[in-house]
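A short worksheet on the structure shown next.
The values are calculated or read from the model by the stated rules, or taken from the named source; none is laboratory data. Everything quoted here is computed from the prediction, not taken from an experiment. Every residue, glycine as well, gets a Cβ built from its backbone with ideal geometry; the counts of neighbours run over all protein chains shown.
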Amino acid sequence: MYNRKLLILLAGMMILSSIWPALALATSEINTGALLDAPSSPAEELKWKQATAEKDRLARDAYKEFEKQRKGKVSANATTWLINVTNYIQEKSNWCGPACARQTLSWHKLVSGSSTALPSQSTLASQIGTNSSGSSTAKIADALNLYKTTYSIPDYYIASDIAGYSNPTETFRIRIFTDITSSTTNLAPIVLLATQYLPRYNGASYRHYNTIDGYYDRSPIKMNTVDPHYDSRYSGHHWDPMGSTTVNGVCRAVYKADLAGTNKAMAW
């Protein structure tokens, strides 16, 4: 009887050990370098709030003008906008922020024709203030702006949330669209993701940054994410569905990451 109970106990432990990684993955979020909380001073909050309000206004106006120009035009083909961002794998497990910053700067270096070498991930980590827990979105935006003159970046990057707006999905969509397509801004935005809401992650839960470098404007709308993940299953360029705040895709992954803590959702 004792031996039988021991065998049952050992079998149970073997089963539990085989499914434990999946259980842990389903119930906890792994951080690849994106802070959960990034408190800022009242002055900093006011700065980002005012900058976001103005840039949102300009983005809405630009999108209205685009829709006005497109109205009445019939096209059988979907329109795709794609800028050329280089994918860099994060060099440390907590460096998705510096890796994304380098990805974003690769686009500005290319279009500017600058002969100045890209900063290393180590340099960017220092400029961002990345610590063992990761990076702050606001500090990523600040670091990118250090290179505005070097790479002729046409506009300042700002840090913003998407939660709290009357229509977070539309707010997010218009921001990404205008960053990717506008000749006056033409930025490569960085987004904070809760990856379990991104279909290609198959439920794997990371708190993680990606750069976005493409937009596909037919239903379902897609966004091209440039993923610096150290795991080759996730890294690379991917056309992901945009989704919404309730439908899985880039938007929902950003929205859920935004709701989880005070670290801002976008550098755009």
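Working only within region 156-190, note down all residues that are among the charged types (D, E, K, R) and surrounded by fewer than 20 Cβ atoms within 10 Å (Cβ to Cβ). Walk me through it before giving the result.
Of the residues in region 156-190, the ones among the charged types (D, E, K, R) are 161, 170, 173, 175, 179.
Hit for region 156-190 is Glu170, nothing else.
Taken over region 217-243, the criterion of being among the hydroxyl-bearing types (Ser, Thr, Tyr) and surrounded by 19 or more Cβ atoms within 10 Å (Cβ to Cβ) is satisfied by Thr225, Tyr234.
State whether one or more residues within region 120-127 are out of contact with any Phe, Trp or Tyr (no Cβ under 6 Å at 6 or more places or on another chain) and in a loop (DSSP other than H, G, I, E, B). Within region 120-127, one or more residues are out of contact with any Phe, Trp or Tyr (no Cβ under 6 Å at 6 or more places or on another chain) and in a loop (DSSP other than H, G, I, E, B). Residues Glu91, Glu170, Glu67: which one is assigned to a helix (DSSP H, G or I), within 20 Å of the chain's Cα centre (by Cα) and acidic (Asp, Glu)? Step by step, each of Glu91, Glu170, Glu67 is checked, and only Glu170 is assigned to a helix (DSSP H, G or I), within 20 Å of the chain's Cα centre (by Cα) and acidic (Asp, Glu).
If you go through region 94-114 one residue at a time, do you hit one that is in a helix (DSSP H, G or I), β-branched (Val, Ile, Thr), on the phi < 0 side of the Ramachandran plot and out of contact with any strand residue (DSSP E or B) (no Cβ under 6 Å at 6 or more places or on another chain)? Scanning region 94-114 turns up at least one residue that is in a helix (DSSP H, G or I), β-branched (Val, Ile, Thr), on the phi < 0 side of the Ramachandran plot and out of contact with any strand residue (DSSP E or B) (no Cβ under 6 Å at 6 or more places or on another chain). Among the residues of region 44-86, the one identified as polar (S, T, N, Q), modelled with pLDDT of 95 or more and surrounded by fewer than 17 Cβ atoms within 10 Å (Cβ to Cβ) is Gln50.
With respect to the conditions (1) in contact with a helix residue (DSSP H, G or I) (Cβ under 6 Å, 6 or more places away or on another chain); (2) under 20 Å from Ala99 (Cα atoms), Tyr215 lacks only one, and its number is (2). Closer than 25 Å to Ala257 by Cβ, exposed (fewer than 15 other Cβ atoms within 10 Å of the Cβ) and either under 17 Å from the mean Cα position of the chain (by Cα) or of a type in the set (Gly, Ala, Ser) (or both) - does that describe any residue in region 134-155? No, that holds for no residue.
Residues of region 109-117 include none that is surrounded by 14 or more Cβ atoms within 10 Å (Cβ to Cβ) and touching a Cys at 6+ places or on another chain (Cβ under 6 Å).
Identify the residue in region 24-43 that is part of a helix (DSSP H, G or I) and at pLDDT below 95 and, among all such residues, is farthest from Thr178 (Cα to Cα).
Going through region 24-43, the residues part of a helix (DSSP H, G or I) turn out to be 24-27, 42-43.
Of the ones still in play, those that are also at pLDDT below 95 are 24-27.
Values: Ala24: 39, Leu25: 35, Ala26: 35, Thr27: 36 Å.
Out of the qualifying residues, it is Ala24.
Checking each residue in region 127-136 for being touching a residue at least 60 places away in the same chain (Cβ under 8 Å) and either small (Gly, Ala, Ser) or over 16 Å from Gln90 (Cα atoms) (or both) picks out Ser133, Gly134, Ser135, Ser136. Looking only at residues in region 191-210 that are within 21 Å of Trp107 (Cα to Cα) and either out of contact with any Lys or Arg (no Cβ under 9 Å at 6 or more places or on another chain) or at pLDDT below 95 (or both), which one is surrounded by the fewest Cβ atoms within 10 Å (Cβ to Cβ)? Result: Val191.
Checking each residue in region 134-167 for being outside any loop (DSSP other than H, G, I, E, B) and of a type in the set (Gly, Ala, Ser) picks out Gly134, Ser135, Ala138, Ala141, Ala143, Ala159, Ser160.
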